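Below is one structure, written out as structure tokens; the observations come after it.
The values are calculated or read from the model by the stated rules, or taken from the named source; none is laboratory data. Keep in mind the model is a prediction, meaning the values are calculated, not measured. Using ideal geometry, Cβ is built from the backbone for each residue, glycine included, and neighbour counts are taken over all protein chains shown.
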Amino acid sequence: MIWVIDASVAIRWFLRDEPHPYADIVLRRLIERPEFFAVPELFAFEVYAVLCRMHPHGDEVSIKGVIPLLHGGILRQPMTETMAVRAARYVTKGLTGYDACYTALAEELKGLWITFDEKAHLRVANDRVSHDLAKGLPPNW
């Protein structure tokens with residue numbers, strides 16, 4: 001199984017006020033087995049933007065914490081025509097363009113998008129491409 005990591009998960013790795021034990025478990029597994037994880041290319045920009053807004057040293061945290069993870073073997077998927085077509089279907093279900101890219105990648109890889117965004121997850125729950133990490137670790141974890 002390929003796990004597509006949402007920015008909402010990664011943010012919890014670096015913000016003292018946002019810790020979550022399931023996010024920490026994802027991070028440990030990512031470090032141990034990066035080949036089982038993927039992100040759309042926008043992930044790095046999205047996490048950077050949030051860290052710069054919410055962390056007193058967001059730029060440094062991104063450079064020293066996020067960038068090494070991205071270079072550690074995780075799949076970073078660029079936007080392609082195929083991805084855009086897949087994402088468009090999820091936008092029609094009410095997802096933002098950003099979230100639609102995560103779900104499109106999960107669909108393309110036959111994986112699962114893990115997120116803390118319950119509302120987004122519920123919009124596509126019937127498609128079985130996402131998992132609300134706040135409710136627990138995904139099946140077969």
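Details
- Residues being buried (at least 18 other Cβ atoms within 10 Å of the Cβ) and farther than 12 Å from Val9 by Cα - total across the range 31-41: 3
- If the condition is being surrounded by 17 or more Cβ atoms within 10 Å (Cβ to Cβ) and outside any helix (DSSP H, G or I), then the range 120-133 contributes Val129, Ser130, His131, Asp132.
- Residues located in the range 105-119, provided they are farther than 18 Å from Arg12 by Cα and either touching a helix residue (DSSP H, G or I) at 6+ places or on another chain (Cβ under 8 Å) or assigned to a loop (DSSP other than H, G, I, E, B) (or both): Leu105, Glu107, Glu108, Lys110, Gly111, Leu112
- Applying the condition of being buried (at least 19 other Cβ atoms within 10 Å of the Cβ) and of a type in the set (Ser, Thr, Tyr) to the range 65-106 and asking which residue is farthest from Pro40 (Cα to Cα) yields Tyr90.
- Listed by position, the helices (runs of 4 or more DSSP H) contained in the range 9-104 that have at least 3 residues being modelled with pLDDT of 95 or more and within 22 Å of Ala125 (Cβ to Cβ) are 21-32, 81-91.
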